Amino acid sequence: LPAWDETVLGDVVRCATGQTLDVTSVAGLLQDAGVDGLDPWSGVRTYTLAYRTTRWEGQEGIGTARLFLPDTLVAGGPRPVVVVGQGPHGVDDACAPSRTGIGRDDALAVAFVGRGFAVIAPDLAGLGNEGFPGYGATADTAHSALDAVRAVVGSVILGSVTEDAV
């Protein structure tokens, strides 16, 4: 990797394709999760990303996340990236949300994607990859989330998302 500095934050260093759901499956997942009154018009494609981030007190690190993208072009132009903070499903690396399949816990992310938004769901840096997770360390968690947005902006088709985040 290039030398670490502020200019590499969010650079994707690994990417793997994940699951896909067609629009009917998205509607079914939302219904099973008790989400009513939302009519999705897009399916979902997922990717697992590893990206460069800042850890603890300015140390170099790698974060992981699951990226949810719509499979249908968005009418009306680019939209902001939605960040969903899921938290861990346990304390072992295998418990990182990006290592699990799409399920009811992902209903919030899937609901946004079903309406055309790109969604990033970062793991806590150090969970799911090398290092120790920053449980309760707000700066560490914030860097993971902000740099995850940079990873999305830098890895999708130019102009398909804005640099804003929700």
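Among the candidates Gly61, Gly76, Gly34, which residue alone is farther than 17 Å from Phe117 by Cβ and not in a strand (DSSP E or B)?
Numbers: Gly61 fails: not in a strand (DSSP E or B); Gly76 fails: farther than 17 Å from Phe117 by Cβ.
Of Gly61, Gly76, Gly34, the one residue that is farther than 17 Å from Phe117 by Cβ and not in a strand (DSSP E or B) is Gly34.
Any residue at all in the stretch 19-34 that's more than 19 Å from Asp147 (Cα to Cα) and in contact with a Cys (Cβ under 8 Å, 6 or more places away or on another chain)? Quick ask: steps written out before the conclusion?
Narrowing the stretch 19-34 to residues more than 19 Å from Asp147 (Cα to Cα): 19-34.
Retained after the next criterion (residues that are in contact with a Cys (Cβ under 8 Å, 6 or more places away or on another chain)): none.
Scanning the stretch 19-34 turns up no residue that is more than 19 Å from Asp147 (Cα to Cα) and in contact with a Cys (Cβ under 8 Å, 6 or more places away or on another chain).
Against the condition under 17 Å from Ala148 (Cα atoms), among the acidic types (Asp, Glu) and open to solvent by 50 Å² or more (accessible area, probe 1.4 Å), how does Asp11 come out, does it pass?
Against the criterion (under 17 Å from Ala148 (Cα atoms), among the acidic types (Asp, Glu) and open to solvent by 50 Å² or more (accessible area, probe 1.4 Å)), Asp11 qualifies.
Which residue, of Gly116, Gly128, Gly134, Gly101, is in contact with a Pro (Cβ under 6 Å, 6 or more places away or on another chain), assigned to a loop (DSSP other than H, G, I, E, B) and either of a type outside the set (Phe, Trp, Tyr) or at pLDDT 90 or above (or both)?
So the residue among Gly116, Gly128, Gly134, Gly101 that is in contact with a Pro (Cβ under 6 Å, 6 or more places away or on another chain), assigned to a loop (DSSP other than H, G, I, E, B) and either of a type outside the set (Phe, Trp, Tyr) or at pLDDT 90 or above (or both) is Gly116.
State all residues of the stretch 1-31 that are in a loop (DSSP other than H, G, I, E, B) and among the acidic types (Asp, Glu); if no residue qualifies, say none.
Asp5, Asp11, Asp22, listed by residue number.
Just to be sure, is Val84 under 30 Å from Gly126 (Cβ atoms), at pLDDT 90 or above, within 20 Å of the chain's Cα centre (by Cα) and open to solvent by less than 30 Å² (accessible area, probe 1.4 Å)?
yes
The values are calculated or read from the model by the stated rules, or taken from the named source; none is laboratory data. The structure presented is a predicted model; accordingly, all values stated were derived computationally and were not measured. Here Cβ is always computed from backbone atoms with ideal geometry, including for glycine, and neighbour counts include all displayed protein chains. Note: areas computed on protein heavy atoms with side chains; ligands, DNA, RNA excluded. Shrake-Rupley method; radii C 1.70, N 1.55, O 1.52, S 1.80 Å.
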